[in-house]
Amino acid sequence: MKKIYILFCLLLLSLSVEAQEKKLDVLAACLCNEGMAPDDYLISKFNDADIILLGEDHGVKENLDFVRNLIPKLYQKGIYMLGMEFGAYEDQAQLDSLINAPEYDEQLARKLMFNYNTRWAIVEYMSIYKAAWEWNRSLPEGAKKFRVLNISYCYNWSEFEGARTPENMKKVFPLGNTEDFRCSLLEREVLAFNQKILVLTGTPHAFTFYHFPLYDYTSPGFVRYEERFLGNLLYSKYGERVLSVALHQPFPNYPNHQPVWVSPVAGELEVLMRKADNKAVGFDLKNTPLGKLRDNSYYSMGYTNFTLADLFDGYIFLKPIKELSSCSVDYKFMDEMNWDRAVSNNPDPDWHPRPQSKEQYWEMVESFMNIEKRYVDVQ
């Protein structure tokens, strides 16, 4: 009987594997028919949307290269603005001047990024400024200029000590919570002028219809849903004029689980991409077979039969996770002139203690930039 049972199990397993292969073959065909080159895909979504939130995991070189190279196509489509989470609106006039100046000033670019985040010593984010400058220099005299819009503001971590309390955080964020600030700024600077914009931001800020789950002892099912990220706020007001598109990335695992990061839809997406020769591609998730891929990452907590289409409107695959690479560190970002401020305004000092030496500062920057180490469990 035991042998018969084992044979029966093996038969079921072979049937399951065969069914899975057939499903992936169908999806690969769908991807071939419906997918587009990533830049063409993203540009096409502006046919109906005014704001596209492009969700990234920070520090991935391929993502930043993609956005930088997208500037000419955005402009030619009539989209004259790129929003950046990574910059302070107080410096907007200087940033406008930088990308429209006769000569490019790399030191000013560093200063502007440092003002926003004293540890954001990342070449590729500042390279977007230079790409905008190069494009504007190529335009004929009198033509409308491309603009990089900073959607954050200067935070004050210098007085933060101890725990995160409302009183402490009001000092850190004197202009209010970042999500409300960013939403109001985009309304004021973009939508009020009937303009369109691509916004590069961390993935959680790009959630629109999806509500991020949090364990909560007092909530039904012990789950509370966050509805006030930037994308949520915009979507609640403007609906499908606002779209969310994700750049390929690992998804978070459940708290205290190992590994910390997991491959989207339990690795099926990467298997599917291998079937398509890992060709870079952009594709819709809403109302498509690709969007029906089931996901069981942290994002699925509290949801039933959770799929990719429950997370985003669209998805862009540039490379497999194991081939994504680290951005470059700008070792001119911090020096004797700004060292004291690098220490005093070190962001999130309760999560990342203030550096005690310049060597420790660079170790912190380099550690954050190490994508291979960050993604090691997923790879």
- [ ] Please list the radius of gyration and Dmax for the stretch 200-322, considering alpha-carbon atoms only, with Å as the unit.
- [x] 14.6, 47
TODO: Express in whole angstrom the spacing between the alpha-carbon centres of the stretch 166-195 and the stretch 99-114.
DONE: 24 Å
Task: Filtered GluC sites (Glu not before Pro), the stretch 71-179: DSSP coil and at most 12 other beta carbons within 10 Å - done: Glu103, Glu141, Glu159, Glu161
TODO: For Thr203, Thr178, write out the residues from largest to smallest accessible area, computed with a 1.4 angstrom probe and no ligands counted.
DONE: Thr178, Thr203
Open item on the list: Taking the full set of protein chains and a 1.4 angstrom probe, give the accessible area of Arg137 in square angstrom, rounded to the nearest 10.
Closed with: 140 Å²
TODO: Only Lys, Arg, Asp and Glu count, each charged at its Cβ (+1, +1, -1, -1), so figure out the dipole size of the chain about its Cα centre, rounded to 20 debye.
DONE: 740 debye
- [ ] Select from Phe173, Val199, Tyr217 the residue farthest towards the positive end of the dipole of the chain; place +1 on Cβ of Lys and Arg, -1 on Cβ of Asp and Glu, and compute about the Cα centre.
- [x] Tyr217
TODO: Might you work out the accessible area of Asp348 for me, using a 1.4 Å probe with all protein chains in place, and round it to the nearest 10 Å²?
DONE: 40 Å²
Open item on the list: From the protein chains alone at 1.4 Å, what is the descending order of accessible area for Cys183, Cys154, Cys32, largest first?
Closed with: Cys32, Cys154, Cys183
Task: Rounded to the nearest 10 Å², the accessible area of Thr304 at probe 1.4 Å - done: 120 Å²
Task: Cα centroid of the stretch 259-306 to Cα centroid of the stretch 47-72, whole Å - done: 19 Å
- [ ] For the stretch 104-170, count all C-alpha to C-alpha pairs, find those more than 18 Å apart, and express that count as a whole percent of the total.
- [x] 53 percent
Task: Probe 1.4 Å, all protein chains present, accessible-area order of His257, His211, His248, His352, largest first - done: His257, His352, His211, His248
Task: Residue-averaged 222 nm ellipticity for the chain, from DSSP H runs of 4+ at -39500 (n - 2.57), nearest 500 - done: -12000 deg cm²/dmol
- [ ] Just tell me the longest site-free run in the chain, where the sites are chymotrypsin sites (Phe, Trp or Tyr not before Pro) in a DSSP loop having at most 12 other beta-carbon atoms within 10 Å.
- [x] 1-216
TODO: List the lysines whose Cα lies under 27 Å from the Cα of Lys145, skipping any in the same chain that are fewer than 8 positions away.
DONE: Lys45, Lys61, Lys73, Lys77, Lys111, Lys130, Lys196
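The values are calculated or read from the model by the stated rules, or taken from the named source; none is laboratory data. From a predicted model like this one, the values you see are computed outputs, not experimental measurements. Positions of Cβ are generated from backbone atoms using ideal geometry, with glycine treated the same way; all protein chains shown enter the neighbour counts. Calculation scope for accessible area: heavy atoms of the full protein, side chains included, ligands and nucleic acids excluded. Shrake-Rupley method; radii C 1.70, N 1.55, O 1.52, S 1.80 Å.
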